[in-house]
Amino acid sequence: MVPNTPEFRAATAARLEAAAARAPERTAFLGLDGFVDEIIAVVDQRASAAEFTRVATIEAFARRIAAAAGRSTNLELVTRRTKIGGNGPIMASALARLGVRVTYVGALGHPAIHPVFADLRANGAEIHSIADPGRTDALEFDDGKLLLGKMFPLAEVTWENLVERWGREVFARHFGTADLVGFVNWTMLPFMSDIWEAVQAELCPQLDGPRRKIFFDLADPEKRPDAEIERALNLILRFQPHFEVILGLNEKEAREVGATLGIPAGGDGREDVMALAAAIRARVPVEAVVVHPVRFAGCVSSQCTEIVDGPFVAKPTITTGAGDHFNAGHCFGKLLGFSDSESLLLGVATSGAYVRSGLSPQAGDLIRLLRQWPAAEA
């Protein structure tokens, strides 16, 4: 059945409706970052104390900044929302809302968990923390977002602190039994590669039973040196004998990883993006490489190559966290035993529902969206 058809979406909705009750039987163990996000608008013109128009695009914002060179200027920022941040907490919260039993450990506040992460617990996740969270000012525009991060507390996320502040045995138990293990936001965690090496040396040799799923999201590695990116990719590949490894990348991340591996960037079309994903998987032969540009998502796996269109919205309510919701929806499908194309569809539906409403969807919301698929917006 062709993925981008009403018939395929209806069939996937029916399958999800039948399978959703099994979600609480599935377990996920995720980590290790944590941020407090402030979603911010940049003021263009202020009409009154309560009313203003915002700078609509990154291009317009860049022009305003460029015009200040040699002169200086004043920029007003308005915080519209404070929320949980970090790839891990957002993905964990989204998976928990879909019904999966989630355990999360990361930088949520130490010794006390920051109040903003109460939402994560309220969505049903079991949470643990070993460090204070980072902070992100997320400047949102119609054509993208600028994430201004303050990440110094994340230097506390080390294997030694995981062992001392949470416990090696409890970490090993979750790592060794969860249906899905997820390590995300490698870029912002300076010691994540060291943690992977420790886990591979100390815990992987004791694993037995069927190969479970493990998910990785590098999260915009542009600022990290090529040698560190190559090390991370090699470590990810070393999990493949023990797990079915899924590497998730947005389009920018795919191009950055490709550049590190010496793969020509190619054009901007979907065929070019999928060719890049296939080339990455050829160099890093994990179970699947998943890419999720804004308008579609694709997967190159040991089984097939698939592309699924998303319910694109030109003016979303929120964009920060859209990729993490895609990852949650895609992994949700894989946890339920869905095919690559079905899982991609659940990924784009989860992300699409979130950017429209600003809320993480439940399984029923996905079923309704799949049956009432909106027309593509310009």
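The values are calculated or read from the model by the stated rules, or taken from the named source; none is laboratory data. Computed from a predicted structure; not experimentally measured. Positions of Cβ are generated from backbone atoms using ideal geometry, with glycine treated the same way; all protein chains shown enter the neighbour counts. These accessible areas exclude ligands, DNA and RNA; they are computed on the full protein's heavy atoms, side chains included. Shrake-Rupley method; radii C 1.70, N 1.55, O 1.52, S 1.80 Å.
Evaluate the following for residue 163: is it open to solvent by 30 Å² or more (accessible area, probe 1.4 Å) and either of a type in the set (Lys, Arg) or farther than 30 Å from residue 295 by Cβ (or both)? Step through it out loud before you land on a result.
Values: open to solvent by 30 Å² or more (accessible area, probe 1.4 Å): yes; either of a type in the set (Lys, Arg) or farther than 30 Å from residue 295 by Cβ (or both): yes.
Answer is yes for this residue.
Quick check on segment 302-319: of everything there that is more than 18 Å from residue 8 (Cβ to Cβ) and open to solvent by 10 Å² or more (accessible area, probe 1.4 Å), which residue is farthest from the chain's Cα centre (by Cα)? Quick ask: steps written out before the conclusion?
Filtering segment 302-319 for residues more than 18 Å from residue 8 (Cβ to Cβ) gives 302, 313-319.
Restricting the remaining residues to those that are open to solvent by 10 Å² or more (accessible area, probe 1.4 Å) gives 302, 313-317, 319.
On the way: 302: 22, 313: 19, 314: 20, 315: 20, 316: 17, 317: 18, 319: 12 Å.
Once the filter is applied, the top-ranked residue is 302.
Quick one: which residue in 84, 113 is closer than 18 Å to residue 149 by Cα and β-branched (Val, Ile, Thr)?
Values: 113 fails: closer than 18 Å to residue 149 by Cα.
Result: 84 is the single residue among 84, 113 that is closer than 18 Å to residue 149 by Cα and β-branched (Val, Ile, Thr).
If the requirement is being touching a strand residue (DSSP E or B) at 6+ places or on another chain (Cβ under 9 Å) and either touching a residue at least 24 places away in the same chain (Cβ under 8 Å) or farther than 24 Å from residue 362 by Cβ (or both), which of these qualifies: 321, 329? Explain how you work it out, then say what you get.
Numbers: 329 fails: touching a strand residue (DSSP E or B) at 6+ places or on another chain (Cβ under 9 Å).
Of 321, 329, the one residue that is touching a strand residue (DSSP E or B) at 6+ places or on another chain (Cβ under 9 Å) and either touching a residue at least 24 places away in the same chain (Cβ under 8 Å) or farther than 24 Å from residue 362 by Cβ (or both) is 321.
Are any of the residues in segment 71-87 among the polar types (S, T, N, Q) and in contact with a Ser or Thr (Cβ under 9 Å, 6 or more places away or on another chain)?
No, there is no match, as no residue in segment 71-87 is among the polar types (S, T, N, Q) and in contact with a Ser or Thr (Cβ under 9 Å, 6 or more places away or on another chain).
So, in segment 193-220, of the ones that are part of a loop (DSSP other than H, G, I, E, B), touching a helix residue (DSSP H, G or I) at 6+ places or on another chain (Cβ under 8 Å) and under 25 Å from residue 303 (Cβ atoms), which residue ends up least open to solvent (accessible area, probe 1.4 Å)? Can you show your working first?
Taking segment 193-220 and keeping what is part of a loop (DSSP other than H, G, I, E, B), we get 203, 207-211, 218-220.
Pick out the ones that are also touching a helix residue (DSSP H, G or I) at 6+ places or on another chain (Cβ under 8 Å) and you get 203, 207, 218-220.
Applying the additional criterion that residues be under 25 Å from residue 303 (Cβ atoms) yields 207, 218.
Details: 207: 44, 218: 1 Å².
Going through the qualifying residues, I end up with 218.
Please work out if residue 109 is on the phi > 0 side of the Ramachandran plot, open to solvent by 20 Å² or more (accessible area, probe 1.4 Å), in a loop (DSSP other than H, G, I, E, B) and not aromatic (Phe, Trp, Tyr). Steps first, answer last, please.
On the way: on the phi > 0 side of the Ramachandran plot: yes; open to solvent by 20 Å² or more (accessible area, probe 1.4 Å): no; in a loop (DSSP other than H, G, I, E, B): yes; not aromatic (Phe, Trp, Tyr): yes.
Answer is no for this residue.
Does residue 116 count as at negative phi, of a type in the set (Val, Ile, Thr), within 24 Å of the chain's Cα centre (by Cα) and assigned to a strand (DSSP E or B)? First the steps, then the outcome.
Working: at negative phi: yes; of a type in the set (Val, Ile, Thr): yes; within 24 Å of the chain's Cα centre (by Cα): yes; assigned to a strand (DSSP E or B): no.
No.
Could you count how many residues in segment 335-352 are closer than 16 Å to residue 97 by Cα, touching a residue at least 40 places away in the same chain (Cβ under 8 Å) and either open to solvent by 20 Å² or more (accessible area, probe 1.4 Å) or touching a helix residue (DSSP H, G or I) at 6+ places or on another chain (Cβ under 6 Å) (or both)?
Summing the residues that are closer than 16 Å to residue 97 by Cα, touching a residue at least 40 places away in the same chain (Cβ under 8 Å) and either open to solvent by 20 Å² or more (accessible area, probe 1.4 Å) or touching a helix residue (DSSP H, G or I) at 6+ places or on another chain (Cβ under 6 Å) (or both) in segment 335-352 gives 5.
Might you check whether a residue that is in contact (Cβ under 8 Å) with a residue 40 or more places away in the chain and over 25 Å from residue 201 (Cβ atoms) occurs anywhere in segment 255-272?
Step one: of segment 255-272, the residues in contact (Cβ under 8 Å) with a residue 40 or more places away in the chain are none.
Within segment 255-272, none of the residues are in contact (Cβ under 8 Å) with a residue 40 or more places away in the chain and over 25 Å from residue 201 (Cβ atoms).
Among the residues that make up segment 280-291, is at least one of them touching a helix residue (DSSP H, G or I) at 6+ places or on another chain (Cβ under 7 Å), surrounded by 20 or more Cβ atoms within 10 Å (Cβ to Cβ) and closer than 20 Å to residue 373 by Cβ?
Looking for residues that are touching a helix residue (DSSP H, G or I) at 6+ places or on another chain (Cβ under 7 Å), surrounded by 20 or more Cβ atoms within 10 Å (Cβ to Cβ) and closer than 20 Å to residue 373 by Cβ, one finds none in segment 280-291, hence no.
Quick one: is residue 231 without any contact (Cβ under 8 Å) to a residue 24 or more places away in the chain, out of contact with any Pro (no Cβ under 8 Å at 6 or more places or on another chain), surrounded by 15 or more Cβ atoms within 10 Å (Cβ to Cβ) and of a type outside the set (A, V, I, L, M, F, W, C)? Steps first, answer last, please.
Values: without any contact (Cβ under 8 Å) to a residue 24 or more places away in the chain: no; out of contact with any Pro (no Cβ under 8 Å at 6 or more places or on another chain): yes; surrounded by 15 or more Cβ atoms within 10 Å (Cβ to Cβ): yes; of a type outside the set (A, V, I, L, M, F, W, C): yes.
Spelling it out, it is not the case that residue 231 is without any contact (Cβ under 8 Å) to a residue 24 or more places away in the chain, out of contact with any Pro (no Cβ under 8 Å at 6 or more places or on another chain), surrounded by 15 or more Cβ atoms within 10 Å (Cβ to Cβ) and of a type outside the set (A, V, I, L, M, F, W, C).
Do we find that residue 340 is farther than 22 Å from residue 213 by Cα and touching a strand residue (DSSP E or B) at 6+ places or on another chain (Cβ under 6 Å) in this structure? So that I can check it myself, show each step before the final result.
Values: farther than 22 Å from residue 213 by Cα: no; touching a strand residue (DSSP E or B) at 6+ places or on another chain (Cβ under 6 Å): yes.
Against the criterion (farther than 22 Å from residue 213 by Cα and touching a strand residue (DSSP E or B) at 6+ places or on another chain (Cβ under 6 Å)), residue 340 does not qualify.
Within segment 256-277, is there a residue that is under 26 Å from residue 33 (Cβ atoms) and open to solvent by 60 Å² or more (accessible area, probe 1.4 Å)?
yes
Which ones in segment 10-42 are more than 22 Å from the chain's Cα centre (by Cα), surrounded by fewer than 22 Cβ atoms within 10 Å (Cβ to Cβ) and over 23 Å from residue 84 (Cα atoms)?
To start, the set of residues in segment 10-42 that are more than 22 Å from the chain's Cα centre (by Cα) comprises 10-15, 17-19, 21-22, 25, 41-42.
When the remaining residues are screened for being surrounded by fewer than 22 Cβ atoms within 10 Å (Cβ to Cβ), the result is 10-11, 13-15, 17-19, 21-22, 25, 41-42.
If the condition is that a residue be more than 22 Å from the chain's Cα centre (by Cα), surrounded by fewer than 22 Cβ atoms within 10 Å (Cβ to Cβ) and over 23 Å from residue 84 (Cα atoms), then 10, 11, 13, 14, 15, 17, 18, 19, 21, 22, 25 are the ones that fit.
Across segment 117-148, what is the total count of residues that are under 20 Å from residue 320 (Cα atoms), open to solvent by less than 20 Å² (accessible area, probe 1.4 Å), touching a residue at least 40 places away in the same chain (Cβ under 8 Å) and touching a Pro at 6+ places or on another chain (Cβ under 9 Å)?
So the answer is 3.
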